[in-house]
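Here's the structure we're looking at; comments come further down.
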Amino acid sequence: MRIKMNDVVLFVITFLIIANLHILDFGDYAAMFRYITTLISVGLAAVCIFDKSIYRKISELCGFYNKWILAMIILLAVEVFNGIIAGAQSLRYLLGISYPFSWLLLYYPIAYIIQTGKLKKLISIICFWTLFALLLKTTVWWFFNLRGQDIMHYVLYQFGGSWQRNGLQRIPDTCFSGVLLAVMLNYAIVGKKFILKIMSILVILFQLWYVMNVYQARSQMLVLLFVIAGAVFFSRIKKTKKFILCLLVVVAGIILVCNSNFQDMIEGLNDEDISIATRVDAINYFWRIFKDHWLFGLNYVEDFETLNPYGTYYFSDIGIMGDMFQMGIAGLCILIIPLVRFITTCKKYFFRMDNDFIFGVSLAAYICLPTIVNFSTYDTAHLFSVPFAIAYFEYVRYRHNLKSICFRSIKAQKVLTS
């Protein structure tokens, strides 16, 4: 039996998904998997670009991305050169903070997978392994916090050290949790099978529980609630069904609010909270220095992530402002383009597409909202998922434009024959 090229590419992408979900972190392999991801990203992109038969299939999806990735490469080159001129960091350090952006080259093999009819299979793979990763992290969290046993050290200490809140070690979410949530919302709201609806609702509730207990991320909890409520409220289903769903969301919300962990999280949302105070201080601190490096930012000039009495100032903790502080106004203008494109795609196309509306809008909201209020979409923990999201939204644009061309062609033929 002849092995198809798209099956090989899908297999390799699946391996990268599993590795970047930290499922294989039985030892200190995080750096090794990052390097492997870089090598495979560059290799697969080269194959897709220079193999004429493959590029012919994906060229319709590459118009925007070719220009954007070229702008990103130029930006990174200028940033590294700027860092070398400043002399504050070594070339090794500058390349070390730049190479994860090579993962954006995965767009090309992902576009190839989509164009060969395997989009649904790719999304199913992402959802399966993301759910598996969340269950694995929950198990690791439970054994350590409730039984005192460290069964997977490098999953438990994914960020390299103790990361606690309320006396419990925290484990972060996955980079593909937004895809899982969007798919489950789509099945729960517009799915046809009752069993599938129930299973989807259970997965959504599990994601809420995970963020509240294992991740303990307040802003992420608010994002989840906003996305779920928005998906139900804006869905184009029958009024009776929508009323029942809204009622279920309200009941779930009341149960959630009555939970002691949730109350502790909300009570912490004040200026005296260390986490919030640190972020406010970080913005003020970075802003004072940023004014002298406004064009290309701080990241390549000096290590401006610094200690304070409560912890460390991180660019990744302050969302899109962190991106601006890191890479300057020039970098922000380039990095924000895909996010704006997600929003315009939803506004222009998804309201006309019943089947994809919930999934597309939920995914866009999940990606864009945290970028504004909390973490950066382009930090190392989330960057791997970016080319997948861009490829999906570019495919939506291409498919809609193709339908429009076919519709106009049919209309023109009718006019000519009449």
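The values are calculated or read from the model by the stated rules, or taken from the named source; none is laboratory data. Since the model is a prediction, treat every value here as computed from it, not as a measurement. Reconstructed Cβ throughout: ideal geometry from the backbone, glycine too, with neighbour counts over all protein chains shown.
Here Leu208 meets each of (1) at pLDDT 90 or above; (2) in contact with a Phe, Trp or Tyr (Cβ under 8 Å, 6 or more places away or on another chain); (3) assigned to a helix (DSSP H, G or I) with one exception, condition (2). Applying the set (1) touching a residue at least 60 places away in the same chain (Cβ under 8 Å); (2) out of contact with any Asp or Glu (no Cβ under 9 Å at 6 or more places or on another chain); (3) among the aliphatic types (A, V, I, L, M) to Val190 leaves exactly one unmet item: (2). Under the condition of being of a type outside the set (D, E, K, R), without any contact (Cβ under 8 Å) to a residue 40 or more places away in the chain and either closer than 25 Å to Leu44 by Cβ or part of a helix (DSSP H, G or I) (or both), the residues counted in segment 66-92 number 11. Counting just the residues of segment 106-153 that are out of contact with any helix residue (DSSP H, G or I) (no Cβ under 7 Å at 6 or more places or on another chain) and over 26 Å from Leu185 (Cβ atoms), which one comes out surrounded by the most Cβ atoms within 10 Å (Cβ to Cβ)? Applying the filter and picking the extreme gives Asn145. In segment 155-169, of all residues being crowded, with 17+ Cβ neighbours inside 10 Å and in contact with a helix residue (DSSP H, G or I) (Cβ under 7 Å, 6 or more places away or on another chain), the one that is nearest to Asp28 (Cα to Cα) corresponds to Val155. Would you call Met265 at pLDDT 75 or above, in a helix (DSSP H, G or I) and within 27 Å of the chain's Cα centre (by Cα)? Here the answer is no, as Met265 does not meet what is asked.
Restricted to segment 5-35, and to residues there that are touching a Leu at 6+ places or on another chain (Cβ under 8 Å) and either assigned to a helix (DSSP H, G or I) or among the charged types (D, E, K, R) (or both), the residue that is farthest from Phe176 (Cα to Cα) is Val9. Ile84 satisfies every condition listed in (1) in contact with a Leu (Cβ under 8 Å, 6 or more places away or on another chain); (2) among the hydrophobic types (A, V, I, L, M, F, W, C); (3) surrounded by 19 or more Cβ atoms within 10 Å (Cβ to Cβ) except (3). Go through the residues of segment 170-184 one by one and say whether even a single one is outside any helix (DSSP H, G or I), surrounded by fewer than 22 Cβ atoms within 10 Å (Cβ to Cβ) and without any contact (Cβ under 8 Å) to a residue 60 or more places away in the chain. Within segment 170-184, one or more residues are outside any helix (DSSP H, G or I), surrounded by fewer than 22 Cβ atoms within 10 Å (Cβ to Cβ) and without any contact (Cβ under 8 Å) to a residue 60 or more places away in the chain. Among the candidates Ile195, Ile151, single out the residue that is in a loop (DSSP other than H, G, I, E, B) and β-branched (Val, Ile, Thr). None of the other options fit; the residue is Ile151.
Checked against the criteria, Phe296 counts as out of contact with any Ser or Thr (no Cβ under 8 Å at 6 or more places or on another chain) and modelled with pLDDT of 75 or more. Against the condition charged (D, E, K, R) and either over 30 Å from Leu295 (Cβ atoms) or outside any helix (DSSP H, G or I) (or both), how does Arg2 come out, does it pass? Yes.
One residue stands out among those in segment 102-149 that are free of Cβ contacts under 8 Å to residues at least 12 places away in the same chain and of a type in the set (A, V, I, L, M, F, W, C): the one that is nearest to Val183 (Cα to Cα), which is Phe128. In this entry, Asn355 passes the filter for residues that are modelled with pLDDT under 85, exposed (fewer than 13 other Cβ atoms within 10 Å of the Cβ) and farther than 17 Å from Tyr107 by Cα. If you go through segment 53-81 and pick out every residue that is out of contact with any helix residue (DSSP H, G or I) (no Cβ under 9 Å at 6 or more places or on another chain) and crowded, with 19+ Cβ neighbours inside 10 Å, you end up with 0.
Inspection of segment 46-60 identifies no residue that is assigned to a helix (DSSP H, G or I), under 22 Å from the mean Cα position of the chain (by Cα) and in contact (Cβ under 8 Å) with a residue 40 or more places away in the chain.
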